[in-house]
Amino acid sequence: MSEVSCLFCRIINGEIPGDFVHQDERSVVIRDINAQAPTHLLVIPREHIESLDDASQKDEPYWVTCCGWPRAWPMPPALLKAATAQ
């Protein structure tokens, strides 16, 4: 799938609406429109990555940050507050 047709890239670019909970320079967090839990969030990198097989060493800091919550450190308070707000 190309960046042009990627659903997540289109949400990030504002072409498709998304319920944004958090944004920073590396990623955005949106509520899942087909939530399977009371709080179901998607963390999406701003840079298009076709698959995890295509991720490179330069992407490592993003994945550590993304996948480290909540085990490595607490979720940032602003994100936690936004995630649990109804």
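The numbers here are math on the coordinates, done by the rules we state, and not lab data. Please read these numbers as outputs of a predicted model, since none were measured by experiment. Quick reminder, even Gly has a Cβ in these numbers, built from the backbone with ideal geometry, and neighbours come from all protein chains shown.
Before moving on, here are some points about what is shown:
- Each of S56, S27 has some number of other Cβ atoms within 10 Å of its Cβ, and from fewest to most they run S56, S27.
- Ranking of L52, L7, L41 by count of other Cβ atoms within 10 Å, fewest first: L52, L7, L41
- Proxy reagent accessibility, fewest Cβ within 10 Å first, across H22, H48: H48, H22
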